[in-house]
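The values are calculated or read from the model by the stated rules, or taken from the named source; none is laboratory data. If you're wondering where the values come from, they're calculated on a predicted model, not measured in any experiment. Reconstructed Cβ throughout: ideal geometry from the backbone, glycine too, with neighbour counts over all protein chains shown. All accessible areas refer to the heavy atoms of the entire protein, side chains included, with ligands and DNA or RNA removed. Shrake-Rupley method; radii C 1.70, N 1.55, O 1.52, S 1.80 Å.
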Amino acid sequence: MSELDYDPHDLGHDHAPGDEPAESAGHWVMNYSIGLALATILTVGSFILPALGLVWGPSLPVALIVLAIAQMGVHLVFFLHITTGPDNTNNVLALAFGVMMVGLLVIGSIWIMANMHHYMAPMPPEAMTHMQAPAAAPTVPPAF
Amino acid sequence: MSDIVPASAEAVQRVREDPHRLGHRAHGEGAPVMGAGHGETGPANSRIIVGYGFWIFLLSDIVMFSAFFAAYAVLMNATAGGPTGRELFELPRVAIETGCLLLSSFVCGLSFAASVAKNRMWTQIFLLITGLLGAAFLYLEIDEFIGFAAQGATPQRSAFLSAFFSLVGLHGAHVFVGLLWLGTMMAQVQAKGFSRMVQHRLLCFNLFWHALDIIWVALFTVVYLMGAAT
(Lines give C-alpha, C1' and ligand atoms only; values in the text may rest on other atoms or scores of the structure.)
Protein backbone atom coordinates (compact mmCIF):
# COMPACT_ATOMS: atom_id res chain seq x y z
CA MET A 1 0.00 0.00 0.00
CA SER A 2 1.63 3.15 -1.19
CA GLU A 3 1.17 6.70 0.03
CA LEU A 4 -0.89 7.37 -3.07
CA ASP A 5 -3.65 5.17 -1.69
CA TYR A 6 -4.47 7.82 0.90
CA ASP A 7 -7.53 9.75 -0.20
CA PRO A 8 -8.09 12.89 1.90
CA HIS A 9 -11.71 12.80 0.82
CA ASP A 10 -12.35 9.42 2.36
CA LEU A 11 -13.28 10.30 5.91
CA GLY A 12 -15.01 7.01 6.54
CA HIS A 13 -17.57 8.55 8.90
CA ASP A 14 -19.46 10.76 6.51
CA HIS A 15 -23.17 11.08 6.92
CA ALA A 16 -26.00 12.63 5.01
CA PRO A 17 -27.12 16.05 6.23
CA GLY A 18 -29.83 15.83 8.84
CA ASP A 19 -29.44 12.10 9.24
CA GLU A 20 -30.17 11.46 12.89
CA PRO A 21 -28.32 8.72 14.67
CA ALA A 22 -30.66 5.79 15.22
CA GLU A 23 -32.43 6.44 18.48
CA SER A 24 -34.22 3.91 20.61
CA ALA A 25 -37.94 4.27 21.31
CA GLY A 26 -37.04 4.88 24.95
CA HIS A 27 -35.13 8.02 23.99
CA TRP A 28 -38.19 9.39 22.15
CA VAL A 29 -40.57 8.59 24.99
CA MET A 30 -38.21 10.28 27.47
CA ASN A 31 -38.03 13.36 25.23
CA TYR A 32 -41.81 13.63 24.85
CA SER A 33 -42.35 13.08 28.59
CA ILE A 34 -40.04 15.96 29.50
CA GLY A 35 -41.93 18.12 26.98
CA LEU A 36 -45.29 17.11 28.42
CA ALA A 37 -44.15 17.88 31.98
CA LEU A 38 -42.82 21.33 31.07
CA ALA A 39 -45.87 22.18 28.94
CA THR A 40 -48.21 21.10 31.75
CA ILE A 41 -46.40 23.32 34.27
CA LEU A 42 -46.59 26.33 31.92
CA THR A 43 -50.26 25.71 31.02
CA VAL A 44 -51.34 25.34 34.64
CA GLY A 45 -49.28 28.44 35.43
CA SER A 46 -51.02 30.56 32.83
CA PHE A 47 -54.48 29.34 33.88
CA ILE A 48 -54.03 30.02 37.61
CA LEU A 49 -51.99 33.21 37.25
CA PRO A 50 -55.03 35.54 36.89
CA ALA A 51 -56.75 33.87 39.86
CA LEU A 52 -53.70 34.04 42.14
CA GLY A 53 -53.35 37.80 41.93
CA LEU A 54 -49.57 37.56 42.25
CA VAL A 55 -49.11 39.80 39.21
CA TRP A 56 -50.03 43.46 39.10
CA GLY A 57 -53.26 43.67 37.08
CA PRO A 58 -52.19 45.76 34.08
CA SER A 59 -49.10 43.61 33.53
CA LEU A 60 -51.10 40.38 33.45
CA PRO A 61 -51.36 40.21 29.61
CA VAL A 62 -47.58 40.54 29.34
CA ALA A 63 -47.05 37.74 31.87
CA LEU A 64 -49.50 35.51 29.97
CA ILE A 65 -47.76 36.21 26.65
CA VAL A 66 -44.37 35.36 28.18
CA LEU A 67 -45.74 32.03 29.48
CA ALA A 68 -47.29 31.29 26.06
CA ILE A 69 -44.04 31.99 24.20
CA ALA A 70 -42.16 29.79 26.67
CA GLN A 71 -44.65 26.99 26.06
CA MET A 72 -44.35 27.34 22.28
CA GLY A 73 -40.57 27.02 22.74
CA VAL A 74 -41.07 23.82 24.75
CA HIS A 75 -43.31 22.43 22.00
CA LEU A 76 -40.79 23.32 19.29
CA VAL A 77 -37.86 21.71 21.10
CA PHE A 78 -39.43 18.61 22.66
CA PHE A 79 -42.26 17.79 20.24
CA LEU A 80 -41.07 19.15 16.88
CA HIS A 81 -37.36 18.53 17.59
CA ILE A 82 -36.15 21.87 16.30
CA THR A 83 -32.62 22.15 17.62
CA THR A 84 -29.60 24.36 17.04
CA GLY A 85 -27.58 21.51 15.51
CA PRO A 86 -26.02 21.96 12.06
CA ASP A 87 -28.49 19.45 10.61
CA ASN A 88 -31.33 21.75 11.63
CA THR A 89 -30.08 24.99 10.06
CA ASN A 90 -32.68 24.94 7.29
CA ASN A 91 -35.54 24.27 9.71
CA VAL A 92 -34.43 27.09 12.01
CA LEU A 93 -34.05 29.54 9.11
CA ALA A 94 -37.56 28.74 7.86
CA LEU A 95 -38.89 29.14 11.40
CA ALA A 96 -37.12 32.50 11.76
CA PHE A 97 -38.74 33.71 8.55
CA GLY A 98 -42.15 32.50 9.74
CA VAL A 99 -41.75 34.27 13.08
CA MET A 100 -40.77 37.46 11.25
CA MET A 101 -43.90 37.31 9.09
CA VAL A 102 -46.13 36.62 12.10
CA GLY A 103 -44.54 39.50 14.01
CA LEU A 104 -44.92 41.95 11.13
CA LEU A 105 -48.56 40.97 10.59
CA VAL A 106 -49.72 40.99 14.20
CA ILE A 107 -47.68 43.85 15.64
CA GLY A 108 -48.09 45.93 12.47
CA SER A 109 -51.87 45.52 12.43
CA ILE A 110 -52.26 46.37 16.11
CA TRP A 111 -49.95 49.38 15.76
CA ILE A 112 -51.64 50.83 12.68
CA MET A 113 -55.17 50.30 13.96
CA ALA A 114 -54.34 51.79 17.38
CA ASN A 115 -52.80 54.78 15.64
CA MET A 116 -55.88 55.32 13.48
CA HIS A 117 -58.11 54.96 16.51
CA HIS A 118 -55.99 57.56 18.32
CA TYR A 119 -56.28 60.12 15.52
CA MET A 120 -59.96 59.56 14.90
CA ALA A 121 -62.11 62.59 15.74
CA PRO A 122 -64.14 62.10 18.92
CA MET A 123 -67.73 61.18 18.17
CA PRO A 124 -70.92 61.41 20.23
CA PRO A 125 -71.93 58.03 21.68
CA GLU A 126 -75.01 57.67 19.42
CA ALA A 127 -72.81 58.07 16.35
CA MET A 128 -70.46 55.37 17.70
CA THR A 129 -73.25 52.83 18.20
CA HIS A 130 -74.56 53.76 14.77
CA MET A 131 -71.12 53.05 13.29
CA GLN A 132 -70.53 49.78 15.11
CA ALA A 133 -73.93 48.19 14.69
CA PRO A 134 -75.64 49.44 11.54
CA ALA A 135 -78.19 46.63 11.73
CA ALA A 136 -79.38 47.76 15.15
CA ALA A 137 -80.05 51.34 14.03
CA PRO A 138 -81.44 51.30 10.47
CA THR A 139 -81.00 54.56 8.65
CA VAL A 140 -84.36 56.23 8.17
CA PRO A 141 -84.48 59.21 5.86
CA PRO A 142 -85.58 62.29 7.81
CA ALA A 143 -89.24 63.05 7.24
CA PHE A 144 -89.82 66.74 6.66
CA MET B 1 -1.83 -2.08 -6.34
CA SER B 2 -3.04 1.48 -6.54
CA ASP B 3 -6.09 2.40 -8.57
CA ILE B 4 -5.29 6.10 -8.54
CA VAL B 5 -4.98 7.22 -12.14
CA PRO B 6 -3.83 10.58 -13.49
CA ALA B 7 -6.73 13.03 -13.70
CA SER B 8 -8.38 13.07 -17.07
CA ALA B 9 -8.94 16.36 -18.86
CA GLU B 10 -12.64 15.88 -18.25
CA ALA B 11 -12.15 15.51 -14.50
CA VAL B 12 -9.92 18.57 -14.35
CA GLN B 13 -12.57 20.59 -16.16
CA ARG B 14 -15.24 19.32 -13.80
CA VAL B 15 -13.21 20.41 -10.76
CA ARG B 16 -12.59 23.85 -12.29
CA GLU B 17 -16.27 24.38 -13.00
CA ASP B 18 -17.41 23.19 -9.57
CA PRO B 19 -14.44 23.35 -7.20
CA HIS B 20 -16.49 22.50 -4.10
CA ARG B 21 -18.34 19.69 -5.87
CA LEU B 22 -21.68 20.91 -4.57
CA GLY B 23 -24.25 18.27 -5.18
CA HIS B 24 -21.83 15.90 -6.88
CA ARG B 25 -20.11 12.73 -5.92
CA ALA B 26 -16.43 12.82 -6.85
CA HIS B 27 -16.08 9.27 -8.07
CA GLY B 28 -19.59 8.22 -8.99
CA GLU B 29 -22.48 7.03 -6.86
CA GLY B 30 -21.63 5.90 -3.36
CA ALA B 31 -18.18 7.45 -3.32
CA PRO B 32 -17.22 9.30 -0.15
CA VAL B 33 -17.23 13.02 -0.77
CA MET B 34 -15.75 16.10 0.77
CA GLY B 35 -17.46 19.27 -0.34
CA ALA B 36 -18.02 22.72 1.06
CA GLY B 37 -18.92 22.71 4.72
CA HIS B 38 -18.48 19.61 6.77
CA GLY B 39 -17.88 16.96 4.19
CA GLU B 40 -21.58 16.69 3.45
CA THR B 41 -22.78 17.26 -0.06
CA GLY B 42 -25.44 15.99 -2.35
CA PRO B 43 -29.18 15.90 -1.95
CA ALA B 44 -30.54 14.88 1.44
CA ASN B 45 -32.55 11.71 1.72
CA SER B 46 -36.24 11.88 0.87
CA ARG B 47 -37.42 11.66 4.48
CA ILE B 48 -35.58 14.89 5.31
CA ILE B 49 -36.85 16.62 2.17
CA VAL B 50 -40.44 15.55 2.88
CA GLY B 51 -40.22 16.72 6.48
CA TYR B 52 -38.72 20.05 5.45
CA GLY B 53 -41.34 20.68 2.78
CA PHE B 54 -44.12 19.97 5.24
CA TRP B 55 -42.46 22.26 7.78
CA ILE B 56 -42.57 25.09 5.21
CA PHE B 57 -46.28 24.39 4.67
CA LEU B 58 -46.93 24.48 8.42
CA LEU B 59 -45.13 27.80 8.75
CA SER B 60 -47.25 29.28 5.96
CA ASP B 61 -50.33 27.96 7.76
CA ILE B 62 -49.13 29.70 10.92
CA VAL B 63 -48.68 32.95 8.95
CA MET B 64 -52.31 32.61 7.81
CA PHE B 65 -53.40 32.11 11.43
CA SER B 66 -51.47 35.22 12.41
CA ALA B 67 -53.71 37.29 10.10
CA PHE B 68 -56.75 35.97 11.97
CA PHE B 69 -55.01 36.71 15.27
CA ALA B 70 -54.30 40.26 14.11
CA ALA B 71 -57.95 40.74 13.14
CA TYR B 72 -59.07 39.43 16.52
CA ALA B 73 -56.63 41.66 18.41
CA VAL B 74 -57.87 44.72 16.52
CA LEU B 75 -61.58 43.91 16.92
CA MET B 76 -61.40 42.54 20.47
CA ASN B 77 -63.22 45.54 21.97
CA ALA B 78 -65.68 46.15 19.12
CA THR B 79 -68.55 44.41 20.90
CA ALA B 80 -71.25 46.80 19.63
CA GLY B 81 -73.06 46.59 22.96
CA GLY B 82 -73.27 42.79 22.66
CA PRO B 83 -71.81 40.14 24.96
CA THR B 84 -68.13 40.53 25.81
CA GLY B 85 -65.53 37.80 26.15
CA ARG B 86 -65.55 38.26 29.89
CA GLU B 87 -69.26 37.42 30.03
CA LEU B 88 -69.08 34.49 27.61
CA PHE B 89 -65.89 32.52 28.25
CA GLU B 90 -65.95 29.57 30.65
CA LEU B 91 -62.35 28.96 31.68
CA PRO B 92 -62.87 25.46 33.20
CA ARG B 93 -64.09 24.25 29.81
CA VAL B 94 -61.11 25.85 28.06
CA ALA B 95 -58.76 24.20 30.60
CA ILE B 96 -60.23 20.77 29.79
CA GLU B 97 -59.95 21.47 26.04
CA THR B 98 -56.30 22.48 26.53
CA GLY B 99 -55.61 19.32 28.52
CA CYS B 100 -57.20 17.15 25.80
CA LEU B 101 -55.14 18.73 23.05
CA LEU B 102 -51.86 18.67 25.00
CA LEU B 103 -52.28 14.99 25.95
CA SER B 104 -53.32 14.24 22.36
CA SER B 105 -50.12 15.86 21.10
CA PHE B 106 -48.07 13.81 23.59
CA VAL B 107 -49.74 10.52 22.62
CA CYS B 108 -49.28 11.41 18.95
CA GLY B 109 -45.54 11.68 19.70
CA LEU B 110 -45.66 8.23 21.30
CA SER B 111 -47.36 6.82 18.20
CA PHE B 112 -44.57 8.34 16.12
CA ALA B 113 -41.96 6.67 18.35
CA ALA B 114 -43.83 3.36 17.94
CA SER B 115 -43.92 3.81 14.16
CA VAL B 116 -40.16 4.49 14.09
CA ALA B 117 -39.76 1.20 15.98
CA LYS B 118 -42.17 -0.38 13.41
CA ASN B 119 -44.48 -1.65 16.11
CA ARG B 120 -47.90 -1.81 14.46
CA MET B 121 -50.02 -2.58 17.51
CA TRP B 122 -48.75 0.32 19.63
CA THR B 123 -48.78 2.71 16.69
CA GLN B 124 -52.47 1.96 16.18
CA ILE B 125 -53.33 2.15 19.89
CA PHE B 126 -51.58 5.49 20.31
CA LEU B 127 -53.12 6.88 17.12
CA LEU B 128 -56.56 5.84 18.35
CA ILE B 129 -56.02 7.60 21.72
CA THR B 130 -54.76 10.68 19.83
CA GLY B 131 -57.94 10.68 17.75
CA LEU B 132 -60.26 10.19 20.73
CA LEU B 133 -58.65 13.09 22.63
CA GLY B 134 -58.87 15.26 19.49
CA ALA B 135 -62.54 14.34 19.09
CA ALA B 136 -63.20 15.20 22.75
CA PHE B 137 -61.60 18.61 22.13
CA LEU B 138 -63.76 19.18 19.06
CA TYR B 139 -66.92 18.11 20.92
CA LEU B 140 -66.23 20.60 23.73
CA GLU B 141 -65.59 23.38 21.21
CA ILE B 142 -68.76 22.75 19.19
CA ASP B 143 -70.76 22.50 22.42
CA GLU B 144 -69.30 25.86 23.45
CA PHE B 145 -70.29 27.44 20.12
CA ILE B 146 -73.85 26.10 20.44
CA GLY B 147 -74.03 27.52 23.97
CA PHE B 148 -72.86 30.91 22.72
CA ALA B 149 -75.44 30.90 19.94
CA ALA B 150 -78.16 30.10 22.47
CA GLN B 151 -77.15 33.26 24.36
CA GLY B 152 -77.50 35.29 21.18
CA ALA B 153 -73.73 35.47 20.66
CA THR B 154 -73.57 34.58 16.97
CA PRO B 155 -70.93 35.74 14.48
CA GLN B 156 -73.38 38.36 13.13
CA ARG B 157 -73.80 40.04 16.52
CA SER B 158 -70.58 42.08 16.62
CA ALA B 159 -67.17 42.45 15.02
CA PHE B 160 -65.65 40.89 18.15
CA LEU B 161 -67.78 37.77 17.75
CA SER B 162 -67.08 37.56 13.99
CA ALA B 163 -63.35 37.61 14.70
CA PHE B 164 -63.74 35.15 17.58
CA PHE B 165 -65.72 32.59 15.58
CA SER B 166 -63.46 32.81 12.55
CA LEU B 167 -60.24 32.42 14.57
CA VAL B 168 -61.42 29.63 16.89
CA GLY B 169 -63.48 28.03 14.12
CA LEU B 170 -60.47 27.97 11.79
CA HIS B 171 -58.48 26.09 14.43
CA GLY B 172 -61.40 23.73 14.97
CA ALA B 173 -61.58 23.09 11.23
CA HIS B 174 -57.88 22.22 11.25
CA VAL B 175 -58.47 19.74 14.09
CA PHE B 176 -61.36 18.20 12.12
CA VAL B 177 -59.20 17.80 9.01
CA GLY B 178 -56.46 16.34 11.23
CA LEU B 179 -58.92 13.74 12.55
CA LEU B 180 -59.87 12.71 9.00
CA TRP B 181 -56.16 12.42 8.15
CA LEU B 182 -55.58 10.39 11.32
CA GLY B 183 -58.30 7.90 10.35
CA THR B 184 -56.74 7.58 6.90
CA MET B 185 -53.32 6.96 8.43
CA MET B 186 -54.66 4.22 10.70
CA ALA B 187 -56.19 2.49 7.68
CA GLN B 188 -52.92 2.84 5.75
CA VAL B 189 -50.80 1.45 8.60
CA GLN B 190 -53.19 -1.50 8.78
CA ALA B 191 -53.30 -2.10 5.03
CA LYS B 192 -49.80 -1.20 3.88
CA GLY B 193 -47.67 -1.65 7.01
CA PHE B 194 -44.67 0.60 7.53
CA SER B 195 -43.69 1.24 3.94
CA ARG B 196 -41.52 4.25 3.20
CA MET B 197 -44.47 6.32 2.02
CA VAL B 198 -46.53 5.52 5.10
CA GLN B 199 -43.58 6.43 7.34
CA HIS B 200 -43.26 9.78 5.56
CA ARG B 201 -46.97 10.48 5.97
CA LEU B 202 -46.84 9.59 9.67
CA LEU B 203 -43.95 12.04 10.08
CA CYS B 204 -46.00 14.79 8.40
CA PHE B 205 -49.11 13.99 10.43
CA ASN B 206 -47.06 14.15 13.62
CA LEU B 207 -45.72 17.59 12.64
CA PHE B 208 -49.24 18.79 11.76
CA TRP B 209 -50.73 17.68 15.06
CA HIS B 210 -47.98 19.31 17.12
CA ALA B 211 -48.32 22.55 15.12
CA LEU B 212 -52.06 22.63 15.91
CA ASP B 213 -51.20 22.41 19.59
CA ILE B 214 -48.76 25.33 19.26
CA ILE B 215 -51.50 27.43 17.65
CA TRP B 216 -53.89 26.45 20.44
CA VAL B 217 -51.36 27.73 23.02
CA ALA B 218 -51.44 31.16 21.37
CA LEU B 219 -55.22 30.93 21.04
CA PHE B 220 -56.14 30.08 24.62
CA THR B 221 -53.74 32.74 25.88
CA VAL B 222 -54.79 35.59 23.61
CA VAL B 223 -58.50 34.83 23.25
CA TYR B 224 -59.62 33.13 26.44
CA LEU B 225 -57.20 34.05 29.24
CA MET B 226 -56.62 37.66 28.18
CA GLY B 227 -60.28 38.02 27.20
CA ALA B 228 -61.48 36.81 30.59
CA ALA B 229 -58.89 38.81 32.55
CA THR B 230 -59.39 42.21 30.96
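Miscellaneous remarks
- Hey, residue B:157 touching a residue at least 60 places away in the same chain (Cβ under 8 Å), farther than 22 Å from residue B:103 by Cβ and within 13 Å of another protein chain (Cβ to nearest Cβ) or not: yes
Conditions (1) free of Cβ contacts under 8 Å to residues at least 12 places away in the same chain; (2) over 27 Å from residue A:67 (Cα atoms); (3) touching a helix residue (DSSP H, G or I) at 6+ places or on another chain (Cβ under 6 Å); (4) part of a loop (DSSP other than H, G, I, E, B), marked per residue:
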position: B:180; (1), (2), (3), (4): yes, yes, no, no
position: B:184; (1), (2), (3), (4): yes, yes, no, no
position: B:194; (1), (2), (3), (4): no, yes, no, yes
position: B:209; (1), (2), (3), (4): no, no, yes, no
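- Put simply, of B:80, B:44, B:7, B:36 the only residue that is part of a loop (DSSP other than H, G, I, E, B), farther than 30 Å from residue A:44 by Cβ, modelled with pLDDT under 70 and at the interface with chain A (Cβ under 8 Å from one of its Cβ atoms) is B:44.
- Test: residue in the stretch B:76-95 that is within 17 Å of the chain's Cα centre (by Cα) and touching a residue at least 12 places away in the same chain (Cβ under 8 Å): no
- Within the stretch A:71-85, residues that are within 7 Å of chain B (Cβ to nearest Cβ) and over 14 Å from residue B:209 (Cα atoms) have Cβ atoms under 9 Å from residues that are in a helix (DSSP H, G or I) and hydroxyl-bearing (Ser, Thr, Tyr) in these pairs: A:71/A:43; A:71/A:46; A:71/B:221, counting only partners at least 6 apart in sequence or on another chain.
- Members of the stretch B:75-90 that are open to solvent by 50 Å² or more (accessible area, probe 1.4 Å) and under 30 Å from residue B:134 (Cβ atoms): B:75, B:76, B:86, B:87, B:90
- Check on residue B:220, hydrophobic (A, V, I, L, M, F, W, C), within 14 Å of another protein chain (Cβ to nearest Cβ) and surrounded by 18 or more Cβ atoms within 10 Å (Cβ to Cβ): yes
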